[in-house]
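Inspection log for the structure reproduced underneath, given as structure tokens.
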Amino acid sequence: MNDVQKSSDELARDERGLLYNPGARASMSAFALDGDTLALEAVAALRSALQAVDRLRARGAGNRGLSTGALDVLMRLGVAPDEGMTVGELARAGGVSSRNVTGLVDTLEGDGLAARVPDRQDRRAVRVQITPQGRTWLDDFRLPARRAMESLFRGVEPDDVAALRHLCLSLVENQRRVERYLEGGGATGRVVG
């Protein structure tokens, strides 16, 4: 039980020298089949890594007045076509709801970093574009963000970074496959590959 109470900052190394979180391992053992906690620990580690990256991004973006969500939208607008993107396109690209993006666009618009403009092809539609002030904001943010990511991945081989990307996106693909299966009437409680 002491392992469960340990701080998430306290990591250990297994017999192969690989990092693990003793607290996560202990708490996941209650859910593991046959004592195998590896997949559950990996998900907990992925969540911890995401939180660490988000904290770092929030520190960088927060010191400049933007939430990480608003920063994501601004970055997408920074590489969008000149006509901008719809709120729906931004939502799909970010994997969030249109309602969420609407609030983020409101924030960016209030800060002068983005603007809603009429769609040239469809007068009923509205698109969101980055403003010149938004481009300047991104330019000012680029170097500190690059330095932060370099620090975060210091000592990690490029092949390992590519493998991490691949593993994370493999999880995304598998989640989508499961979701399609469940939406297709396979929601019998049993998921098959």
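The values are calculated or read from the model by the stated rules, or taken from the named source; none is laboratory data. Bear in mind that the values here come from a model prediction, so they are computed numbers and not experimental data. No Cβ is skipped: glycine too gets one built from the backbone with ideal geometry, and neighbour counts run over all protein chains shown. We work out accessible area using only protein heavy atoms, side chains counted, and drop any ligands, DNA or RNA first. Shrake-Rupley method; radii C 1.70, N 1.55, O 1.52, S 1.80 Å.
Points worth noting:
- Portion, in percent, of the accessible area of the chain that falls on carbon or sulfur, probe 1.4 Å: 53 percent
- Taking every C-alpha pair closer than 8 Å and separated by at least 6 residues, the mean separation divided by the residue count of the chain gives a relative contact order of 12 percent.
- Looking at segment 97-193, the trypsin sites (Lys or Arg not before Pro) that sit in a DSSP loop and have at most 11 other Cβ atoms within 10 Å of their own Cβ are Arg120, Arg123, Arg124, Arg154, Arg190.
- Two-decimal log10 I(q)/I(0) for segment 72-143, as the Debye equation yields it once each C-alpha is a single scatterer, q = 0.17 Å⁻¹: -0.56
- Kirkwood hydrodynamic radius over Cα pairs of segment 9-102, then Stokes diffusion coefficient at 4 °C and 1.567 mPa s, in µm²/s: 80 µm²/s
- GNM top mover of Ala70, Ala42, Ala52 - the chain, alpha-carbon springs below 10 Å: Ala42
- Normalised by the number of residues in segment 41-138, the average gap of Cα pairs under 8 Å and 6 or more apart makes the relative contact order 25 percent.
- For segment 69-111 and segment 142-159, distance of Cα centres in Å: 25 Å
- Principal-axis tilt of helix 158-181 within the chain, Cα atoms, nearest 10 degrees: 90 degrees
- Matching label, Rg/Rh (Cα atoms, Kirkwood Rh) computed from the structure shown, candidates [x] 0.94; [y] 1.02; [z] 1.05: [z]
- Of the residues Ala44, Leu11, Gln129, the one whose Cα sits farthest toward the positive end of the charge dipole of the chain, with +1 on the Cβ of Lys and Arg and -1 on the Cβ of Asp and Glu, is Gln129.
- Total charge dipole magnitude, the chain, about the Cα centre, Cβ charges on Lys, Arg, Asp, Glu only, Debye to nearest 20: 480 debye
- Measuring how big segment 100-193 is from its alpha-carbon positions, Rg and Dmax come out at 20.6, 52 Å.
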